[in-house]
Amino acid sequence: MTKKLEEIFDLPTSASDSDDLPDFGNLTVEDTKAIISTVDNTIDKIDAALAEVSDVDKSDAELDEIAALAKQSFTDLSDLGMQVDSRFASEIFNVASSMLGHALNAKTAKMNKKLKMIELQMKKLKLDRDLVSDEGPTETAQGQVLNRNDLLERLLSSRSQNNKSS
């Protein structure tokens, strides 16, 4: 808590937050390896828990069902609004537009969920790619180390060959 909240509510002062945190400044290589292995184990546990998530497609079907019911209700209420007296029709059309809003919200929620899943998959792929690229540089092209004189020699020889062939 902040000092201001402690003063306002007459609470006893708490120890500073920095006392609760471990000091990572003087870690040895073995300590660092132990911490990294603990973090890796925790990440593996999280990955295992995420694999158990199910019924994702079931929620898509439910959202589609809600949208279909809302659209059907909109159609029914619109037909009813056309057949009743004009002083009652405004309330019926208001409810009908509300039903259309519910259908739109259901479809939007489904789309947002899919976009979020795609975004999470892209982030995971990027992290996986970054982990692979940390293993060492990947060779993308071949090159040679030349000094200035060798480079000029090659350029002049290529020019002379081009002039001879022309």
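The values are calculated or read from the model by the stated rules, or taken from the named source; none is laboratory data. All of these numbers come straight from a predicted model, not from anything done at the bench. Cβ placement follows ideal geometry from the backbone for every residue including glycine, while neighbour counts extend to all protein chains displayed.
A few points about this structure:
- Pair list, Cβ under 8 Å, 6 or more apart: segment 140-162 residue among the charged types (D, E, K, R), other residue surrounded by 11 or more Cβ atoms within 10 Å (Cβ to Cβ): Arg154/Leu146
- For Arg87, the test of being at pLDDT 85 or above and exposed (fewer than 10 other Cβ atoms within 10 Å of the Cβ) is passed.
- Residue check, Asp19 over 30 Å from Asp128 (Cα atoms), out of contact with any helix residue (DSSP H, G or I) (no Cβ under 8 Å at 6 or more places or on another chain) and either part of a helix (DSSP H, G or I) or modelled with pLDDT under 75 (or both): yes
- Matching option when the condition is touching an Asp or Glu at 6+ places or on another chain (Cβ under 8 Å), under 30 Å from Ile43 (Cα atoms) and outside any loop (DSSP other than H, G, I, E, B), among Lys126, Lys110, Lys116: Lys110
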